[in-house]
Amino acid sequence: MLLQSILQVLDWVASFFTMALLARVLMQWSRAPFRNPLGEFVLAVTDWAIRPTRRFIPSAYGLDLAGLLLAWLTQIIFQCILHALWGIPDLLAIGTILLLALIGVLRTGIYLLIGVVIVGALFSWVNPFAPLAPLFNALAHPFLRPLQRVIPPIGNVDLSPLVLLLILQLLLGMLASLQISAFR
């Protein structure tokens, strides 16, 4: 029972830091403004790790590769701790750890995107002039734009967020089956 509680807390910490790093990468990639409370929080949480890493790993194609690498390393460390606490000392587990860490980063990124789309849609329905609405619109727009080209609004209601959420749920299901097959 104590081991499960410790693992749960470690999972929360690793997921929180991974999500903050991915939020920073997404904000920089979508050129979303950092001058808001959420952007300043993300900078405060991740700056201590990103700044030194950028000296060795530059950005490329508009992506903050240092942030992506740190998110993956966070998940690798968590998976190593998980394997050590469960007593799996096999050296062949290194490949499994790397794969599970990558799946963890992808899952966290999908959950982040799901949250961004839901909050952005809520802002557009409830209060489109809220101070954080432009941030969520800027974050969701690159993912919604291709769907908006294909799916026309029905009665002035944009259905692209619903379609994107369905696609993201399918991706989560595929990642879950990949994660299960990694243990076999």
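The values are calculated or read from the model by the stated rules, or taken from the named source; none is laboratory data. The structure presented is a predicted model; accordingly, all values stated were derived computationally and were not measured. Please note: Cβ atoms are built from the backbone with ideal geometry, for glycine as well, and neighbour counts cover all protein chains shown.
What's the total number of residues in the range 14-40 that are loosely packed, with under 13 Cβ neighbours inside 10 Å, touching a residue at least 12 places away in the same chain (Cβ under 8 Å) and part of a helix (DSSP H, G or I)?
1
For the structure I just gave you, tell me whether Leu159 is among the aliphatic types (A, V, I, L, M) and farther than 29 Å from Val42 by Cα.
Yes: the conditions hold for Leu159.
If we keep just the residues of the range 60-73 that are of a type outside the set (A, V, I, L, M, F, W, C) and either buried (at least 18 other Cβ atoms within 10 Å of the Cβ) or without any contact (Cβ under 8 Å) to a residue 24 or more places away in the chain (or both), which is farthest from Leu26 (Cα to Cα)? Break it down stepwise before answering.
Applying the first criterion (of a type outside the set (A, V, I, L, M, F, W, C)) to the range 60-73 yields 61-62, 64, 67.
Subsequent filtering for residues that are either buried (at least 18 other Cβ atoms within 10 Å of the Cβ) or without any contact (Cβ under 8 Å) to a residue 24 or more places away in the chain (or both) retains 61, 64, 67.
Details: Tyr61: 13, Asp64: 9, Gly67: 10 Å.
Among those that are of a type outside the set (A, V, I, L, M, F, W, C) and either buried (at least 18 other Cβ atoms within 10 Å of the Cβ) or without any contact (Cβ under 8 Å) to a residue 24 or more places away in the chain (or both), it is Tyr61.
Residue check: is Leu7 touching a residue at least 12 places away in the same chain (Cβ under 8 Å), in a helix (DSSP H, G or I) and touching a Phe, Trp or Tyr at 6+ places or on another chain (Cβ under 8 Å)?
no
Among the residues of the range 84-121, write down those that are modelled with pLDDT of 95 or more, farther than 13 Å from Thr74 by Cα and of a type in the set (Val, Ile, Thr).
Ile110, Ile114, Val116, Val117, Ile118, Val119
Got a number for residues in the range 105-161 being loosely packed, with under 15 Cβ neighbours inside 10 Å, among the aliphatic types (A, V, I, L, M) and over 22 Å from the mean Cα position of the chain (by Cα)?
Number satisfying all stated conditions: 6.
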